[in-house]
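Engineer: The following block contains the structure, expressed as structure tokens.
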Amino acid sequence: MKVTFKKNEQLESDAIVLHAKEKNKEIETIIDYITTISKTIIGKQNNCNFSIPICDYINFYSSQKNIYGTTLEKEVTISYRLYELEAILPANFVRISNTEIINLNFVSDFSLTNNGFILITFKNGKKSSSSRRFLKKIKEKLL
Amino acid sequence: MKIKIMKTIFSGVTSGIFIGLCISMLFSYLSKSNYYHPAPQAFSNQFDNEITEMIVSVLIWSAIGIVFSLSSLIFWVTDWSVTKMTVTHFCVDYIGFLPLAIYAKWFPLNSREIIVFSIIYLLIYIIMWFIFMFLAKKEVASLNDKIHSS
């Protein structure tokens, strides 16, 4: 793909315009990428608020009625409930259990344990587990 | 969650009665007695009134439907492993179904019958466990293919 950058002072400060011959899968991926990196979710750590791009989150999970988000650098508290996050997160995030949503871009491997848990290994070595009934949903997201 | 449980109970009652009715009609037909019996003769003999016999049978069918439909929630709402789900489902259905089946005189209350029933029941669950694990393994492999190819 040949990319040309043209400056346009008339555009709003948070706007980008893409021109291409037709809208195909590549273009859609680019649009998804731009939307994801520009969206942020506020995370709290030691009473400090951080505005973190959505694509930096590895997972969101609930523990004792609190919602936490993990990135490569830190773990923060999130003020949304999991079902609210499900509604606003882009397609690369998927629910893997009653208590966790993960970012598929950070998954390195899936495996099945001997007693039938789905073990998910992330690129940073962390692990999460899921149950059989979520496999179909994960598969749909990976298509 | 409460609504889901109520809906599950309701669908358990309706499907329980429907299946009970179909099976009892089939067995009545096969017995060639020209009469409909909701349950085996040994059960009917406990009642001097056919209406009571029918009402109690419908209650038993409903109860079995409720046991099976509620236990199916184990597979749909928990995050458990295949083994924990299968074992819990086995226990809940066995404890819930066996007393009702014995009460309805579906099989005589002697140890031989109960042992044969239990072995068949256990075998079905062992086969189910293998099928669940096989399917999960296949799904996991296809997930890995997808994630490594992209």
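Engineer: With the requirement that a residue be hydrophobic (A, V, I, L, M, F, W, C) and more than 7 Å from chain B (Cβ to nearest Cβ), what does segment A:108-121 give you?
Structural biologist: The answer is A:LEU119, A:ILE120.
Engineer: Filter segment A:88-121 down to the residues that are outside any strand (DSSP E or B), touching a Phe, Trp or Tyr at 6+ places or on another chain (Cβ under 9 Å) and among the aliphatic types (A, V, I, L, M) and list them by number.
Structural biologist: Across segment A:88-121, the qualifying residues are A:ILE88, A:LEU89, A:LEU104.
Engineer: Right, next: Can you name the residue in segment A:33-65 that is among the small types (Gly, Ala, Ser) and more than 13 Å from the chain's Cα centre (by Cα) and, of all such residues, is surrounded by the most Cβ atoms within 10 Å (Cβ to Cβ)?
Structural biologist: A:GLY43
Engineer: If you check A:TYR68 against the conditions, is it out of contact with any helix residue (DSSP H, G or I) (no Cβ under 9 Å at 6 or more places or on another chain) and either exposed (fewer than 13 other Cβ atoms within 10 Å of the Cβ) or under 30 Å from B:TRP129 (Cα atoms) (or both)?
Structural biologist: Criteria not met by A:TYR68.
Engineer: Return the residues of segment A:1-54 that are in contact (Cβ under 8 Å) with a residue 12 or more places away in the chain and basic (Lys, Arg); say none if nothing qualifies.
Structural biologist: Answer for segment A:1-54, where residues must be in contact (Cβ under 8 Å) with a residue 12 or more places away in the chain and basic (Lys, Arg): A:LYS39, A:LYS44.
Engineer: Could you grab the pairs with beta carbons closer than 7 Å, sequence gap of 6+ or different chains, first residue in segment A:119-143 and surrounded by 15 or more Cβ atoms within 10 Å (Cβ to Cβ) and of a type in the set (Phe, Trp, Tyr), second one part of a helix (DSSP H, G or I) and at pLDDT 90 or above?
Structural biologist: A:PHE122/A:PHE106
Engineer: What number of residues within segment A:122-136 are under 25 Å from B:ILE131 (Cβ atoms), more than 7 Å from chain B (Cβ to nearest Cβ), modelled with pLDDT of 90 or more and outside any strand (DSSP E or B)?
Structural biologist: Of the residues in segment A:122-136, 1 are under 25 Å from B:ILE131 (Cβ atoms), more than 7 Å from chain B (Cβ to nearest Cβ), modelled with pLDDT of 90 or more and outside any strand (DSSP E or B).
Engineer: Okay, moving on. Just a yes or no: is a residue in segment B:13-30 free of Cβ contacts under 8 Å to residues at least 60 places away in the same chain and on the phi > 0 side of the Ramachandran plot?
Structural biologist: Checking segment B:13-30: not a single residue is free of Cβ contacts under 8 Å to residues at least 60 places away in the same chain and on the phi > 0 side of the Ramachandran plot.
Engineer: Collect the residues in segment A:84-112 that are loosely packed, with under 13 Cβ neighbours inside 10 Å and over 18 Å from A:CYS55 (Cα atoms), keeping them in residue-number order.
Structural biologist: Once the filter is applied, which keeps residues that are loosely packed, with under 13 Cβ neighbours inside 10 Å and over 18 Å from A:CYS55 (Cα atoms), segment A:84-112 yields only A:ASN98.
Engineer: Report yes if A:SER97 is closer than 19 Å to A:SER62 by Cα and within 7 Å of chain B (Cβ to nearest Cβ), otherwise no.
Structural biologist: Considered against the rule, which asks whether it is closer than 19 Å to A:SER62 by Cα and within 7 Å of chain B (Cβ to nearest Cβ), A:SER97 comes out as yes.
Engineer: Report whether or not A:LYS44 is out of contact with any Gly (no Cβ under 7 Å at 6 or more places or on another chain), outside any strand (DSSP E or B) and basic (Lys, Arg).
Structural biologist: Taking the combined requirement at face value, the residue does not satisfy it.
Engineer: While we're here: On the basis of being more than 11 Å from chain A (Cβ to nearest Cβ) and either in contact (Cβ under 8 Å) with a residue 12 or more places away in the chain or over 17 Å from the mean Cα position of the chain (by Cα) (or both), does B:TRP61 make the cut?
Structural biologist: Criteria met by B:TRP61.
Engineer: Looking at segment B:75-110 only, could you name the residues that are within 14 Å of chain A (Cβ to nearest Cβ) and either in contact with a His (Cβ under 8 Å, 6 or more places away or on another chain) or among the small types (Gly, Ala, Ser) (or both)?
Structural biologist: Passing the criteria: B:PHE75, B:SER81.
Engineer: Same structure, new question: Which one of B:PHE27, B:PHE107 is among the aromatic types (Phe, Trp, Tyr), modelled with pLDDT of 90 or more, farther than 30 Å from B:LYS137 by Cβ and surrounded by fewer than 18 Cβ atoms within 10 Å (Cβ to Cβ)?
Structural biologist: B:PHE27
The values are calculated or read from the model by the stated rules, or taken from the named source; none is laboratory data. What you are looking at is a predicted structure, and each value in this text was computed from that prediction instead of being measured. When we count neighbours, we look across all protein chains shown, and the Cβ atoms used for this are built from the backbone with ideal geometry, even at glycine.
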